[in-house]
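The next block holds one structure in the form of C-alpha cells; read it before the comments.
Values in this text are rule-based calculations from the coordinates and carry no lab data. It should be emphasised that the depicted structure is a prediction, and the values quoted were computed from it without experimental measurement. Note that each Cβ is placed from the backbone with ideal geometry, even for glycine, and that neighbours are counted across all protein chains shown.
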Amino acid sequence: MTVSQTRTTFPNVTHVLFDMDGTLLDTERLYTVVSERILAAYGKEFTFEMKAAMMGTNSQDAATILIAKSGIPITPEEYIARAAEIQLELFPSARPLPGVERLVKHLLKHKIPMCTSENRALFDLFGPNVTCGDDPEVKAGKPAPDMFLVAAKRLGADLKRPESCLVFEDSYAGVLSGLNAGMQVVWIPDERLKLDQEVVKQVSQVMYSMEEFRPELYGMPPYDNSE
C-alpha cells in the first residue's frame, strides 16, 4: 500500500541519507522483543503506544519514555544496560528490509553518495558512512535537524540546497528531523502507526516498503532489469 502525493516528480537528488532501525534493517521487531522481555520481568506489557512514542529517539530518551509510561522501578541507565545485553544476543539476526539491498547496491553502482544515521554500524555496505547519535557534532537528537545536516556535510552535499538530499525514515521524530533540515523525505512508517496528515502533506512520499521506491522520480538513474 502506498500513500501517493499529488506531485509525480521531485527536485533532483544528489545525496541519499538513511535512518537504519526500521528503515534499512528489521531491528524494530528486535527492539520490541528487548522491551517486552524487560517489562515482563515486572509484570508489565509492552504496547504499540509505548513503541510509537520511543521510535526515532536516542537511547536515553527512549528509556525515559518507556519508564514513564510503564512505571517500572528502574533508572534509564539501568534500562539501557539491560537492553544492551539482550541486543547483543538478538541483533546478529537483523536482516535488511525488502527493497533495501536493491536500492543500496543501485546507489553504489551509480556512485550516488549515501550515508546512514544510527547508534551502531550494523550495515556493512556503508563502510565509514555512518553518523552516530553520540557524535560530538550532533548537538541535538531527532527531531532536530543536526543528525542529517552533519551526515550531509560529511558526504559533501551542498547545504545551500538541502532539497538535493533525500532522507528515508520510518519514525515521526526522524521525518521531522529531515524536514527541519530542509531535505526531501520518503516516509516508510509502521502500518499500525496513525499518520498525522499535516506531516504527510510535507513529505515527498509515504510508502510501506522500499520496494515501491522509483529512483527516477528524483532525477536518479532508474533500476534496470539486472538489478
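Candidate cross-link partners of Lys105 among the lysines, defined by an alpha-carbon separation under 29 Å and a same-chain spacing of 8 or more, comprise Lys142, Lys153, Lys160.
Using only Cα atoms and rounding to the nearest 10 degrees, what angle (0 to 90) does helix 27-40 make with the longest principal axis of the chain? The two axes meet at around 10 degrees. Residues whose amide H falls under 5 Å from that of Gln184, counting only those 5 or more places apart or on a different chain, are Cys165, Val167, with hydrogens built in the peptide plane. For the chain, the relative contact order is 29 percent, taking Cα pairs closer than 8 Å that sit 6 or more residues apart in sequence and dividing their mean separation by the residue count. The percentage of C-alpha pairs in segment 27-93 whose separation is greater than 13 Å is 60%. Taking segment 171-227, how much of its Cα-Cα pair set, in percent, is spaced more than 18 angstrom apart? Pairs farther apart than 18 Å: 39 percent. Geometric descriptor of the chain, per residue, is 123 Å³ (volume of the convex hull of the Cα atoms).
So how do 171-184, 34-47 stack up, highest first, on mean other-Cβ count within 10 Å?
Averaged packing, sorted descending, gives the order 171-184, 34-47.
Cβ under 11 Å from Val175's Cβ, Val175 left aside: what net charge do those residues give with Lys, Arg +1 and Asp, Glu -1? That works out to -3.
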